[in-house]
Amino acid sequence: MKKLKNIAVLISGNGTNLQSIIDHIKKGKLKCNLAVVISNKVDAYGLMRAKKAKIPAIFIDHKDISRKEHEKKIIEVLKKYNVDLVILSGYMRIITPYFIGQYKNRIINIHPAILPAFPGTDGYGDTFNYGCKVGGCTVHFVDSGIDTGPIIIQKINPIKENETLESFKKRGLEIEHLALPEAIGLFCADKLKIEGRKVKIKK
């Protein structure tokens, strides 16, 4: 039997995408081992979600130390748990080339917009306020730019007439909760191949 890949999820907040990953694994829809959850915020509710699911939940404070020192502490934990894939899920810290170099092509992020449009911290708001007819989400590998890495999958979220930002966001989160486990599953099944800017999905 093929050994399951170990994944780690980095969070800073509520952790709804983390919960979706936990649920997908529990239902057998996602075949991997969620080895550890790490947060840079001590009060991140995602840590409670992990603890409830009996997953190691670790707080690593970023205050009063350099970004590299903070990342070294994270990497120590990732190595302890033999992590194959790092998932950024609402992790509100820009990671450095040092971190990326340690886990090259093994870090993925979910962004609430159809990249390359609207990178940054408010994908939903930027998409909605621009007057777009569709939004969505993008799961991509992480490189040294801001939301610029090779794209794994994208899901569309149409913006309806008389839509509010809140209703657009709510539906968008539901789409995210499907997209991220799908991308993780493709990685863990060794079905992703990066060729330049393109990610090929093997059949």
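At a Förster radius of 25 Å, what calculated FRET efficiency corresponds to the Cβ-Cβ distance of K68 and Y45, to the nearest 0.05? List each step's numbers first, then the result.
Numbers: r = 28 Å, r/R0 = 1.11.
It comes out at approximately 0.35.
What is the mean projected area of the alpha carbon convex hull for segment 110-203, to one decimal in square nanometres? Don't skip to the end; give the middle numbers.
Working: hull surface 24.7 nm².
Here the figure is 6.2 nm², rounded to one decimal.
Short-range pairs are left out: with C-alpha atoms under 8 Å and at least six residues apart, the relative contact order of the chain is 19 percent.
Highest average first, the peptides 83-92, 122-131, 171-180 ordered by how many other beta carbon atoms sit within 10 Å of their residues are 83-92, 171-180, 122-131.
Listed as lacking a disulfide-compatible partner in the chain: C132, C137, by the criterion of no other cysteine Cβ under 4.7 Å. Which of rounded, prolate or oblate describes segment 6-201 when judged by the alpha-carbon gyration tensor and an a/c cut-off of 1.5? Verdict is rounded for segment 6-201. With both residues required to sit in the chain, DSSP beta bridges show an antiparallel share near 45%. Across segment 1-77, C-alpha contacts under 8 Å between residues 6 or more apart give a mean separation that, scaled by the residue count, equals a relative contact order of 29 percent. Put one equal scatterer on each alpha carbon of segment 25-109, apply the Debye formula with no solvent term, and list log10 I(q)/I(0) at q = 0.23 1/Å to two decimals. Result of the Debye calculation: -1.35. Quick query: amide H of Y91 versus all other amide H atoms, modeled in the peptide plane; which residues come in under 5 Å with a sequence gap of 5 or more or a different chain? So Y91 has HN proximity to S12.
All of the numbers you see were taken from the coordinates with simple rules; none came from a lab. All values reported here derive from a predicted model rather than from experimental measurement. Quick reminder, even Gly has a Cβ in these numbers, built from the backbone with ideal geometry, and neighbours come from all protein chains shown.
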